[in-house]
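The values are calculated or read from the model by the stated rules, or taken from the named source; none is laboratory data. Predicted, not measured: the structure shown is a model, and the values here were computed from it. Every residue, glycine as well, gets a Cβ built from its backbone with ideal geometry; the counts of neighbours run over all protein chains shown. Note: accessible area is taken over every heavy atom of the protein model, side chains too, but ligands, DNA and RNA are not part of it. Shrake-Rupley method; radii C 1.70, N 1.55, O 1.52, S 1.80 Å.
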Amino acid sequence: MSVFNNSEVKYFLLIGIPGLEYAHVWISIPIFLMYLIAIMGNCIIIFVIKTEPSLHEPMYYFLTMLAVSDMGLSFSSLPTMLKIFFFNAMEISPNACFAQEFFIHVFTAMESSVLLIMSLDRFLAIHNPLRYSSILTGRRVVKIGLILAFRSTALVLPFPFTLRKLKYCHKNLLSHSYCLHQDVMKLACSDNKINFIYGFFAALCTMLDFALILMSYVLILKTVLSIASLAERLKALNTCVSHICAVLIFYVPIITLAAIHRYAKHKSPLLVILIADMFLLVPPLMNPIVYCIKTRQIREKVLGKLVNVCVR
């Protein structure tokens, strides 16, 4: 019996890095270390914010949501990436593939939404600092978090079901080390118009988040320029540096990949795969590092916890 309805393909094949198959075992070591550092870094961020009452503020609650999204991305892609590079095992069952692409897209959508809310948080903090705490109360932050989780899940929920209805005849080679909706969809030998349209809609939602983030920073810049003191302007902008870095780390690979697929006539498969892998590896790795370096409160609390552990 087939793995799913009307299917002739019993498994999909993932790929590692073309031309470097002989070095996959060695490549797996830095990849594993990146995953380990990313997971540990985000766990530390969550633990420090949870245990330090002074960090129980909206900005740090949103940072916790970002860390959860990063960990979700890491855990979603970790099994297949390590399986490929450690054991050279390329096969993945359709149901496992659909589950993986669902979680990858859910946490991608969630991270995009969290970055948008964080930009609005920065705008409120700079534009109306006196009412900031009364507007973003703890209860409202929880509601925002639940809405973001629901929105991300609802947006991506149709993906595995629409993919499951497609018929896959002969082609089963995917173009990444993990499953993505647009990648699996291209292998179908039946009509995938609904998948294409809905996938395009979901991508537009992510780009809408990015457009709203840019709009938020236009408003932030307008507010900052209205401040008379240069020192106060720099202080206000400095509170946004970590978030700007997180936005760039997340969106640059997405926009680069989209531009390559759209405009590059002779695109390098190796380049596409490396950028796609960076998209899942770099944000979870770099976000905790950026926030620890650029946010004094986080840095001091993390160093304090580490010193206490070492002293004991």
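Criterion first (in a helix (DSSP H, G or I), of a type in the set (A, V, I, L, M), open to solvent by 30 Å² or more (accessible area, probe 1.4 Å) and touching a helix residue (DSSP H, G or I) at 6+ places or on another chain (Cβ under 6 Å)) does Leu219 satisfy it?
Yes: the conditions hold for Leu219.
So in region 21-63, with the set limited to residues that are among the small types (Gly, Ala, Ser) and modelled with pLDDT of 90 or more, which one is nearest to Leu280 (Cα to Cα)?
Going through the qualifying residues, I end up with Ala38.
Across region 168-195, what is the total count of residues that are surrounded by 14 or more Cβ atoms within 10 Å (Cβ to Cβ) and in a helix (DSSP H, G or I)?
6
For residues that are part of a helix (DSSP H, G or I) and either in contact (Cβ under 8 Å) with a residue 12 or more places away in the chain or more than 29 Å from Leu285 (Cβ to Cβ) (or both), tally how many sit in region 222-237.
10
Could you check region 122-156 and list, in sequence order, the residues that are touching a residue at least 24 places away in the same chain (Cβ under 8 Å), of a type in the set (Phe, Trp, Tyr) and under 29 Å from Leu204 (Cβ atoms)?
Across region 122-156, the qualifying residue is only Phe123.
Yes/no per residue for (1) over 23 Å from Met65 (Cβ atoms); (2) among the aliphatic types (A, V, I, L, M):
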| position | (1), (2) |
| --- | --- |
| Tyr251 | no, no |
| Lys267 | yes, no |
| Leu270 | yes, yes |
| Ile275 | yes, yes |
| Pro288 | no, no |
| Lys294 | no, no |
| Gln297 | no, no |
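For region 4-55, which residues satisfy the criterion of being touching a Lys or Arg at 6+ places or on another chain (Cβ under 9 Å) and within 30 Å of Asp191 (Cα to Cα)?
Hits for region 4-55 are Phe4, Asn5, Asn6, Ser7, Glu8, Val9, Leu14.
Among the helices (runs of 4 or more DSSP H) contained in region 48-148, which hold 2 or more residues that are small (Gly, Ala, Ser) and crowded, with 23+ Cβ neighbours inside 10 Å?
Result: 58-87, 94-127.
Identify all residues within region 123-182 that are within 30 Å of Val272 (Cβ to Cβ) and among the small types (Gly, Ala, Ser); write none if there are none.
Correct list: Ser152, Ala154, Ser175, Ser177.
Name, by its number, the condition in (1) hydrophobic (A, V, I, L, M, F, W, C); (2) within 15 Å of the chain's Cα centre (by Cα); (3) surrounded by fewer than 21 Cβ atoms within 10 Å (Cβ to Cβ) that does not hold for Leu157.
For Leu157, the exception is condition (2).
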